[in-house]
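Take a look at the structure set out below.
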Amino acid sequence: MKKLLLILTLSIFCFAQNLPINSVVKVFVSASIPNYKYPWQTSQRIQVSGSGVIIKDNYIITNAHVVSNAKFIQVSQDKSSKKYIANIKYISNQADLAILEVKDKSLFKNTKPLNFTEDIKTGDNITVLGYPIGGYDLSTTKGIVSRIETHNYVWSGENLLSIQVDASINSGNSGGAALDDNNNIVGIVMQSYLKNQSDNIGYIIPSTIVNTFLEDIKDGKVDGFENSDTSFQNLQNESLKSYYNMKGDKGVVITDIEDSEKDLKLGDILLKIDGEKVIDNGTVQTKYGAQNINYALHKKPVGQKVSIQVLRDGKTIDLNYTLKQRNRLVKYERFKEPRYLIFAGLVFSPLTSNYISTHGFNATLFETFYKFNEKASHAKEGVIIQVEKFNHNINDGYNPYIYLVKSVNGVNIVDFKHFVKLIDESKDKYTVIDFLDIKLKKYVFETKKARNSFEEIKNIYGLNTDRHLD
């Protein structure tokens with residue numbers, strides 16, 4: 001029995017020695033969290049850490065959420081006191097992936113870049129390497145692949161292919177490597193359920209998604225993954241299938257398209273994507289079994305084309321579909337200090353998801369308002385008055401609450417930059433601001449008094465500037 005235990009211990013020790021420990025680094029981040037609710041205030045500074053993996057071209061891959069809003073990044077190897085300064089080279093918030101670049105190439109002297117493999121299936125063994133809480137050294141946990149399916153990425157809210165594993169994943173593991181038995185990367189560690197919700201349910205970004213990201217950045221920029229407003233309805237219902245004269249288990253019907261879409265038409269029956277048959281439940285057959293139709297659209301980055309086959313007016317048509325991203329008027333900003341302008345003690349800013357979420361609103365409500373309001377058709381970016389204001393006699397009687405600005409002195413607002421230009425360059429005696437969402441109500445200020453009021457407001461409230469525009 002003692003001999004058996006000794007052999008087992010030696011086997012584990014040898015296996016641990018063969019792990020590519022120098023290829024997985026700890027990532028130290030000094031970040032600044034923007035304050036969208038009070039944009040004139042200094043951002044909160046925080047220190048966070050995560051994990052990263054050395055891959056080809058002397059790059060380090062990690063999660064976007066690990067380096068979000070980073071002001072200063074360092075990386076170090078296991079049991080090393082030396083830290084190397086790193087910078088973000090590429091980032092995809094959509095896929096929660098980032099590429100770091102290190103100028104001091106001595107980091108890579110005794111390391112081996114790890115390779116990605118898409119050869120994985122449920123039940124396969126995986127080893128997770130990273131730097132979770134609870135210690136300083138590299139941590140190793142083991143598990144198996146539980147599921148391979150489309151899942152929500154918490155960081156972006158996107159639904160992309162993911163791998164569920166039962167290996168222990170904790171805070172700090174993010175950005176680390178999930179390896180197969182040959183030390184190939186099957187995925188990058190991403191997220192896990194809270195411990196009070198479940199035990200050992202973690203998710204990694206599969207190599208198929210990572211490889212699309214790496215293909216995407218070859219042209220020096222990040223274009224992202226298809227997420228246009230094109231949508232589909234399954235054709236499983238027999239009556240619905242009969243209505244569209246469809247038989248068998250193939251096809252989904254296109255129910256919505258982008259305004260700029262030129263190839264697809266409403267009512268088209270989508271039959272194939274890159275030669276793969278589309279099943280009537282909205283899936284395609286893949287090497288990972290039946291997967292959501294988006295799997296076939298996420299194998300290439302936005303801007304590239306996929307071949308599709310549709311049934312239109314009883315005829316089969318082959319098309320080349322250009323992968324797209326939806327164009328949202330209400331955007332979620334990242335890696336940006338919030339833009340704002342204080343005029344007459346009121347705070348104006350772009351309409352962003354960042355701000356409205358601080359008041360419990362969803363961007364979809366505002367997006368729909370702009371889409372179906374003809375009076376807002378001129379807008380490329382919404383402009384609002386924020387709830388927060390600096391009380392002063394110049395704004396007595398005005399109590400704003402996320403009002404949507406329509407015009408300044410009768411000129412319709414295109415975007416925030418345009419709004420600021422109109423405010424700054426107005427030569428009229430009065431500055432008149434009209435709104436999209438409030439009939440007849442307008443805010444009127446004597447232009448000269450409104451401009452001069454900031455000097456007094458600045459001294460009262462301890463402000464440094466009336467704006468941040470970039």
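Against the definition (hydrophobic (A, V, I, L, M, F, W, C), surrounded by fewer than 17 Cβ atoms within 10 Å (Cβ to Cβ) and under 29 Å from the mean Cα position of the chain (by Cα)), how does residue 372 come out, yes or no?
When the stated conditions are applied, residue 372 passes them.
Residues that are crowded, with 19+ Cβ neighbours inside 10 Å: list the strands (runs of 3 or more DSSP E) wholly contained in the stretch 210-317 that include at least 3 such residues.
Filter on the stretch 210-317 gives 252-256, 269-273, 305-312.
For the stretch 425-448, which residues satisfy the criterion of being free of Cβ contacts under 8 Å to residues at least 60 places away in the same chain, farther than 24 Å from residue 370 by Cβ and not polar (S, T, N, Q)?
425, 427, 428, 429, 430, 444, 446, 448
Inspect all residues belonging to the stretch 327-336 and state whether any of them is among the acidic types (Asp, Glu) and in contact with a strand residue (DSSP E or B) (Cβ under 7 Å, 6 or more places away or on another chain).
Checking the stretch 327-336: at least one residue is among the acidic types (Asp, Glu) and in contact with a strand residue (DSSP E or B) (Cβ under 7 Å, 6 or more places away or on another chain).
Please state which of the following conditions residue 420 fails to meet, knowing it meets all the rest: (1) out of contact with any Asp or Glu (no Cβ under 9 Å at 6 or more places or on another chain); (2) closer than 24 Å to residue 35 by Cα; (3) assigned to a strand (DSSP E or B).
(3)
In the stretch 73-98, what count of residues is obtained for those that are within 21 Å of the chain's Cα centre (by Cα), of a type outside the set (Gly, Ala, Ser) and closer than 17 Å to residue 26 by Cβ?
Total meeting the criteria: 3.
Specify which of the listed residues (73, 85) is without any contact (Cβ under 8 Å) to a residue 24 or more places away in the chain and within 22 Å of residue 46 (Cβ to Cβ). Break it down stepwise before answering.
Numbers: 73 fails: without any contact (Cβ under 8 Å) to a residue 24 or more places away in the chain.
Only one candidate qualifies: 85.
I need a count of the residues in the stretch 416-462 that are farther than 25 Å from residue 329 by Cα and either touching a helix residue (DSSP H, G or I) at 6+ places or on another chain (Cβ under 7 Å) or surrounded by 16 or more Cβ atoms within 10 Å (Cβ to Cβ) (or both). Reasoning before the result, please.
Here is the first cut: in the stretch 416-462, the residues farther than 25 Å from residue 329 by Cα are 425-431, 444-462.
Restricting the remaining residues to those that are either touching a helix residue (DSSP H, G or I) at 6+ places or on another chain (Cβ under 7 Å) or surrounded by 16 or more Cβ atoms within 10 Å (Cβ to Cβ) (or both) gives 426, 428-431, 445, 447, 449-451, 453-454, 457.
Summing the residues that are farther than 25 Å from residue 329 by Cα and either touching a helix residue (DSSP H, G or I) at 6+ places or on another chain (Cβ under 7 Å) or surrounded by 16 or more Cβ atoms within 10 Å (Cβ to Cβ) (or both) in the stretch 416-462 gives 13.
I'm told residue 90 meets every condition in (1) modelled with pLDDT of 95 or more; (2) part of a loop (DSSP other than H, G, I, E, B); (3) in contact with a helix residue (DSSP H, G or I) (Cβ under 6 Å, 6 or more places away or on another chain) except one. Can you identify the failing condition by its number?
(2)
Take residue 264 and tell me if it is more than 28 Å from the chain's Cα centre (by Cα) and aliphatic (A, V, I, L, M).
The answer is no for residue 264.
The values are calculated or read from the model by the stated rules, or taken from the named source; none is laboratory data. It should be emphasised that the depicted structure is a prediction, and the values quoted were computed from it without experimental measurement. Reconstructed Cβ throughout: ideal geometry from the backbone, glycine too, with neighbour counts over all protein chains shown.
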